[in-house]
Amino acid sequence: MTATSPDFSFYINDRNVWLNGSAVAYALIGYGFGIFCITQQTGWVNLIGIILITHTLLWSAYLVHELIHGNLFQRSLNHVIAQILLFLTGSCYSQYRAVASLHLAHHKHRADFASFSIANYLNSLPKPILNWVVTLEWLYFPIVEFGLRWMVAISPFLEPHRRDERLKNTLLLLLRGGLFIALALYSAKAVVLYFVAYISFINILRFVDCFQHTYEVFQFGEAIPQFDLAYEEANTFSNLVSARWSWLNLLLLNFSYHNAHHRVMRCPWYLLPQLDAELYPRDYRQYVTLAQLVRNFHQFRVDRLFGNQGAVIETENGVSLEQFVGAVGVSFLVAREPLDWLKQPVSKPTNPATETA
């Protein structure tokens, strides 16, 4: 399965404060400069702003992932920086400890978790609303992802057992809302351009996330089998930006070296290519490139809302990705703790996109 079994202590113990600090500085300063660019009158400067905001949001998300694993700084500093980056990404309404606990459970149990079925929830909606959701997703507007984030933001106000989060979420909603209003008053165009960048960020994030696992999905509190390393390796995929030019994977902070990350989750982002080269041969089955998955992401953009993740099929010539549908709503930025009524079972999910009138 793996080429070698090296001593992982070097990867676990190495912490380059300068590299990590530079990555965080780029995310923060680049984001601020991106906001400046989208407020300008020149079109090409606006384009730079959209690209900068999109990319710094991506790095912010992946830096939060690194912070969850304790791969950047000391624990207390990790927590503070994570809160700042979660604010930038719009995922600050989830409690950081809940986000971290859910993601670490994903590693510990080699499974994905959900407190409710997105497919069942969508099928419980009135038909006109469901049709709008399907249409928006078909047009690459990530309405389901936005819905999950808004559920997290408003649920403390509707669930008595989460009343302790109400003040925090109220202040965050007022602060973020006030900043967007101020930006709109200064430049209405800038708000539109920011929205374009944010949708681009969400779509890229979900594109990368949805093809990294074919794990079983369990409800919170459900008994989970003891999955072994072989299961983890066979159901985890390193969806590289480029296998030939490894430096391109830095665009995603090396998050695409996902098998290596799961093997040694305390390995920092800048050492993942080196660890990956030690662990796996170049013809390793689990390597796929994002270019290979563009067709799947497009073809199954509605189907994955209503079905399972599909499968990677073994063939005589390697593997086939034709049935690799991908997951939805698995972002490590959102702790999916919904309103209580969403947990109630509803009818068996069907895909309205395949129904005939």
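The values are calculated or read from the model by the stated rules, or taken from the named source; none is laboratory data. Just so we're clear, the structure is a prediction, and the values are computed from it rather than from any experiment. Virtual Cβ from ideal backbone geometry, glycine too; neighbours counted across all protein chains shown.
The number of residues in segment 175-197 being out of contact with any helix residue (DSSP H, G or I) (no Cβ under 8 Å at 6 or more places or on another chain) and either closer than 19 Å to Tyr140 by Cα or among the polar types (S, T, N, Q) (or both) comes to 2.
Within segment 166-193, the set of residues being among the hydroxyl-bearing types (Ser, Thr, Tyr), surrounded by 12 or more Cβ atoms within 10 Å (Cβ to Cβ) and part of a helix (DSSP H, G or I) comprises just one member, Thr170. Here Ile118 clears all of (1) surrounded by 14 or more Cβ atoms within 10 Å (Cβ to Cβ); (2) modelled with pLDDT of 90 or more except the condition numbered (2). Taking each residue of segment 89-100 that is closer than 20 Å to Asn203 by Cβ and looking for partners that are among the basic types (Lys, Arg) with beta-carbon atoms closer than 7 Å, six or more apart or interchain, yields Gly90/Arg149; Ser91/Arg149. In segment 29-58, the residues that are in contact (Cβ under 8 Å) with a residue 24 or more places away in the chain form Cβ pairs under 6 Å with partners that are outside any helix (DSSP H, G or I), at six or more places apart or across chains, as follows: Thr39/Ser187. Exactly one residue out of Leu67, Leu58, Leu72 is within 18 Å of the chain's Cα centre (by Cα), surrounded by 15 or more Cβ atoms within 10 Å (Cβ to Cβ), over 29 Å from Glu222 (Cβ atoms) and hydrophobic (A, V, I, L, M, F, W, C), and it is Leu58.
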